[in-house]
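**Student:** I am attaching a structure below and will ask some questions about it afterwards.
The values are calculated or read from the model by the stated rules, or taken from the named source; none is laboratory data. Keep in mind that what you see is a predicted model, and the values were worked out from it rather than measured. Don't worry about glycine lacking a Cβ; one is built from the backbone with ideal geometry, like all the others, and counts go over all protein chains shown. Only protein heavy atoms, including side chains, enter the accessible area calculation; ligands, DNA and RNA are left aside. Shrake-Rupley method; radii C 1.70, N 1.55, O 1.52, S 1.80 Å.
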Amino acid sequence: MLSNLSLQTKENIFQQILSKSALFVAAVLSLFFLTLLLKSLPALWSNGFNFFTGTVWDPLTGEYGAFSLLYGTLLTSVGALLLTLPLALSIALFLGEFFRQGLAASALRLSVELLAGIPSVVYGFWALFVLVPLIRRLETTLGIVPFGVGILTAALVLAIMIIPYAASLSAEVIKLVPQDIREAAYSLGATRYEVIRRVILPYARSGICAGILLAFGRAFGETMAVTMVIGNANKMPASLFDTGNTMASLIANELAEATDPLYVSSLAQIGLLLLAVSALINLAGRSISKKFSVET
């Protein structure tokens, strides 16, 4: 049947399929936003601005303040990103510049990709059996109440989870740096360290920045592994060793037991806030990435 159509008609059909596919993504995002907004309206009217500044989340008294949850989310995700950056960049340089071919390189690359595919609940189990006892021992040594679980444990497991995302994408970008630029730098007498610092990293920094943002987005919205090790205490964490909670973990923990309409609406408002902050982070990241691209 398609063989009977003219080339122009086939071209139009192909363009229609592409445009409808792109519009589908925008429609799904709009549907997410509208659903959360409509579900949040009762809480928006009832909680007011106190929702954003309050630090108490207590469904029994009807107090729904999200600031401590937002703080816990940012603390764990930013902490994980800071822990990840040196290791992820080192792995990316090793796989993208020093160890690009061969059986061992393929095995290392496969290991990184497998780490990215492990379900988050497995990371949570591993953290409970390995990280929590280690942190508890450290807390005992430092004279801190040995919870084991808390902000630091959550940040550590998140850091391990997002390393593959930042490292894989950055390694692929480093590989794309043109070989003639490298050779030109070497011909001028530059050492390998100088080539990496002054040629490869500046050329690839836009892509590296995109990989870091992808990893940060993964950490920001992670639920299951964090829920298992953060302590799930709805309060402002006093230190990295204290227990706390994140917005995603709160929704996962409390949605099933929420029966009061205002309670459900407040959880939807948490979801709306999570979506809004994620969008702001993505927009800021795109701006930074674009700036780096122009400068190169």
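**Student:** Counting other Cβ atoms within 10 Å, which chymotrypsin sites (Phe, Trp or Tyr not before Pro) in segment 61-127 have at most 16 and lie in a DSSP loop?
**Tutor:** Details: sites: Tyr64, Phe67, Tyr71, Phe94, Phe98, Phe99, Tyr123, Phe125, Trp126; in loops: Phe99.
For chymotrypsin sites (Phe, Trp or Tyr not before Pro) across segment 61-127 that sit outside H, G, I, E and B with at most 16 neighbouring Cβ atoms in 10 Å, the list reads Phe99.
**Student:** Further question: Given the rule -39500 (n - 2.57) for each run of at least 4 DSSP H residues, summed and divided by the residues of the chain, what is its mean residue ellipticity at 222 nm, to the nearest 500 deg cm²/dmol? Let's see the in-between values first.
**Tutor:** Numbers: 13 runs with 213 residues, N = 296.
My calculation for the chain gives -24000 deg cm²/dmol from helical runs alone.
**Student:** Please report, as a whole percent, how much of the solvent-accessible surface of segment 138-296 comes from carbon and sulfur atoms (probe radius 1.4 Å).
**Tutor:** With neighbouring chains kept in place, the figure for segment 138-296 is 65 percent.
**Student:** Also, quick follow-up: Enter the accessible area per residue of segment 129-209 (Å², integer; probe 1.4 Å; all protein chains in place).
**Tutor:** On the way: 4100 Å² over 81 residues.
With the other protein chains kept in place, segment 129-209 gives 51 Å² per residue.
**Student:** Here's something else I'd like to know. Sorted by packing (mean other beta-carbon atoms within 10 Å per residue), highest first, where do 257-263, 223-229, 52-58, 210-216 land? Before the final figure, lay out each step's value.
**Tutor:** Working: 257-263: 12.6, 223-229: 23.9, 52-58: 14.1, 210-216: 22.3.
Most protected by this proxy first, the peptides run 223-229, 210-216, 52-58, 257-263.
**Student:** Between Leu29 and Asn12, 0.36 nm times their residue separation minus their Cα-Cα distance comes to what? Let's see the in-between values first.
**Tutor:** Values: separation 17, 0.36 × 17 = 6.12 nm, distance 2.61 nm.
Net length gain for the segment: 3.5 nm.
**Student:** Could I ask something else about it? As a test of understanding, state the convex hull volume per residue of the chain from its alpha carbons, in Å³. Could the numbers behind the result be given before it?
**Tutor:** Values: hull volume 65.6 nm³, N = 296.
Hull volume normalised by residue count: 221 Å³.
**Student:** Could you rank the peptides 45-51, 79-85 by their average count of other C-beta atoms within 10 Å per residue, with the highest value first? Walk me through the numbers on the way to the answer.
**Tutor:** Working: 45-51: 14.4, 79-85: 19.7.
Highest mean packing first, the order is 79-85, 45-51.
**Student:** For the pair Leu134 and Leu108, how long in nm is the line joining their label points, each one 7 Å along Cα→Cβ?
**Tutor:** 2.1 nm
**Student:** With the contact rule set at Cα under 8 Å and sequence spacing of 6 or more, what percent relative contact order holds for the chain? Spell out each step's value before the answer.
**Tutor:** Values: 381 pairs, mean separation 78.0, N = 296.
After rounding, I find 26 percent.
**Student:** What's the extension gain from Ser187 to Ala258 if we count 0.36 nm per residue and subtract their Cα-Cα distance?
**Tutor:** That works out to 18.8 nm of additional length.
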